[in-house]
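Rule-based calculations on the coordinates, nothing more; no lab input. This one's a predicted model, so the numbers in the text were calculated from it and none came from an experiment. Here the Cβ is made from the backbone with ideal geometry for all residues, glycine too, and neighbour counts use every protein chain on show.
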């Protein structure tokens with residue numbers, strides 16, 4: 001068992017990846033991209049968003065700072081603030097990003113592979 005306190009999220013040790021412009025991901029556990037649990041701390045600069053992608057076994061997003069959004073390929077857009085939990089079904093094509101004028105930070109929890117549709 002491991003605990004990462006909220007005050008330690010910004011300094012947690014893990015495998016940090018700079019994604020698309022304005023995105024930073026620190027893996028708190030994983031990425032195994034298998035049946036194991038992957039947990040990441042994601043920071044999204046104001047105005048930035050992920051590329052369109054899917055999680056083959058679904059994804060849970062928990063907002064921990066700022067405000068953000070999750071938008072499906074069908075155009076459904078959900079805005080989130082601190083404490084909100086978004087559950088993305090397996091295989092749902094979506095993007096997520098900052099909805100405000102400040103950084104948006106969230107936890108991402110998933111199992112299985114993810115993919116960027118072409």
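Rg/Rh for the chain: what does it come to with C-alpha atoms and Rh from Kirkwood?
Details: Rg = 13.2 Å, Rh = 14.2 Å.
Expressed as Rg/Rh, it is 0.93.
Find the centroid of the Cα atoms in segment 1-67 and in segment 93-116, then give the distance between the two in whole Å.
Comparing the Cα centres of segment 1-67 and segment 93-116, I get a distance of 7 Å.
At a 10 angstrom cut-off on C-beta neighbours, averaged per residue, how do the peptides 85-92, 57-64 rank from highest to lowest? Provide the component values of the computation, followed by the final result.
Details: 85-92: 14.5, 57-64: 18.4.
The peptides rank, most packed first, as 57-64, 85-92.
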